[in-house]
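Report on the structure given below.
All of the numbers you see were taken from the coordinates with simple rules; none came from a lab. If you're wondering where the values come from, they're calculated on a predicted model, not measured in any experiment. Using ideal geometry, Cβ is built from the backbone for each residue, glycine included, and neighbour counts are taken over all protein chains shown.
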């Protein structure tokens with residue numbers, strides 16, 4: 001069921017891009033209509049003749065819209081960033097790749113089952129391409145989703161980092177605790193100064209605490225540096241015990 005819902009959502013974003021491009025062409029401007037029509041026909045029919053100048057910036061802009069309407073697809077940005085074109089006519093493929101190169105938009109291409117496929121996967125490039133094709137509202141929606149994904153990703157990375165720090169802290173505390181318990185069970189413990197004895201007892205009673213937290217538990221309280229030095233002395237003594 002979830003897979004069907006995801007598929008429906010993916011299609012709906014691509015359809016919304018397509019509908020917005022179609023609306024951008026709904027005018028009495030013959031040039032726009034003819035350039036888009038050239039993109040539709042030339043990208044799908046290897047026997048067609050290109051009607052228009054592919055070096056004209058305005059023609060290229062609307063030609064590209066026609067190509068997308070005929071053989072383009074935009075993935076669901078909640079899942080991945082990708083626009084692709086599946087072009088049947090090699091010369092049309094060359095025009096589209098030249099347009100992307102001239103705009104500085106990174107892409108990859110491949111030939112699959114007699115189709116010339118172009119993939120635009122970079123998030124910035126997808127956003128810019130949506131704008132070039134007249135899908136401004138879809139571009140805004142894309143950027144909103146992209147920002148949401150980046151925020152969620154940042155939060156997850158922070159949580160993973162915190163989790164890793166907590167794990168490492170617990171492992172270090174357990175290792176220290178083992179050595180300190182060894183020291184407390186030895187005759188050498190009785191000869192320690194009172195401040196080190198107190199530090200040892202506080203540590204073994206709170207093995208999961210950080211060094212900063214342990215410093216607050218001794219009397220008088222110590223800062224992180226002071227507690228670190230006490231623990232370092234305890235560990236050196238413990239390691240010297242045979």
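Two decimals is fine: what is log10 I(q)/I(0) at q = 0.26, 0.27, 0.32 Å⁻¹ for the range 18-69, from a Debye sum with one equal scatterer on every Cα and no solvent?
Values returned for q = 0.26, 0.27, 0.32 Å⁻¹ are -0.97, -1.03, -1.28.
Hey, quick one: spin label on residue 50, modelled 7 Å out along Cα-Cβ, who in the range 90-122 has an amide N within reach, i.e. under 13 Å?
Within reach of a label on residue 50: 90-100.
Taking N as the number of residues in the range 2-142, what is its Cα Rg relative to 2.2 N^0.38 Å?
Numbers: Rg = 14.4 Å, N = 141, 2.2 N^0.38 = 14.4 Å.
In units of the globular-protein estimate, the range 2-142 measures up at 1.00.
Over the Cα atoms of the range 163-237, what is the Rg over Rh ratio if Rh follows Kirkwood?
On the way: Rg = 11.8 Å, Rh = 12.3 Å.
My calculation puts Rg/Rh at 0.95.
Do you know the relative contact order of the chain, to the nearest whole percent, from alpha carbon pairs under 8 angstrom that are 6+ apart? Intermediate results must be reported in sequence, preceding the final value.
Numbers: 267 pairs, mean separation 33.8, N = 242.
Relative contact order comes out at 14 percent.
For a quick check, take a GNM of the chain with Cα springs below 10 Å and name the residue from 169, 70, 34 with the largest mean-square fluctuation.
169
Among 219, 210, 44, which one shows the biggest mean-square fluctuation in a GNM of the chain, springs joining Cα atoms closer than 10 Å?
Maximum fluctuation in the GNM of the chain, among the listed residues, is at 219.
Report, in deg cm²/dmol and to the nearest 500, the calculated mean residue ellipticity at 222 nm for the chain, where each DSSP H run with n ≥ 4 adds -39500 (n - 2.57) and the sum is divided by the residue count.
Numbers: 9 runs with 161 residues, N = 242.
Helix-only estimate at 222 nm: -22500 deg cm²/dmol.
According to a simple spin-label model (label point 7 Å from Cα along Cα-to-Cβ), what is the distance in nm between residue 58 and residue 236?
Each label point is offset 7 Å from its Cα along the Cβ direction, giving 8.2 nm.
When you count, for each residue, the other Cβ atoms within 10 Å and take the mean per peptide, how do 75-88, 134-147 rank with the highest first? Walk me through the intermediate numbers first.
Details: 75-88: 18.6, 134-147: 16.9.
Result, highest mean first: 75-88, 134-147.
If you line up the long axis of helix 136-184 against the longest principal axis of the chain, both from Cα atoms, how many degrees apart are they, to the nearest 10?
Approximately 20 degrees, to the nearest ten.
How far is helix 224-240 tilted off the main Cα axis of the chain, in degrees rounded to 10, range 0 to 90?
60
With a 10 Å cut-off between alpha carbons and a GNM built on the chain, which of 38, 170, 125 moves the most?
Greatest mean-square fluctuation among the candidates belongs to 170.
Under 8 Å for C-alpha pairs, at least 6 residues apart: give me the relative contact order for the range 163-237, rounded to a whole percent.
Working: 54 pairs, mean separation 24.6, N = 75.
Relative contact order here is 33 percent.
With each pseudo-label sitting 7 Å past Cα toward Cβ, what's the residue 182-residue 119 distance in nm, one decimal?
Result: 5.4 nm between the two label points.
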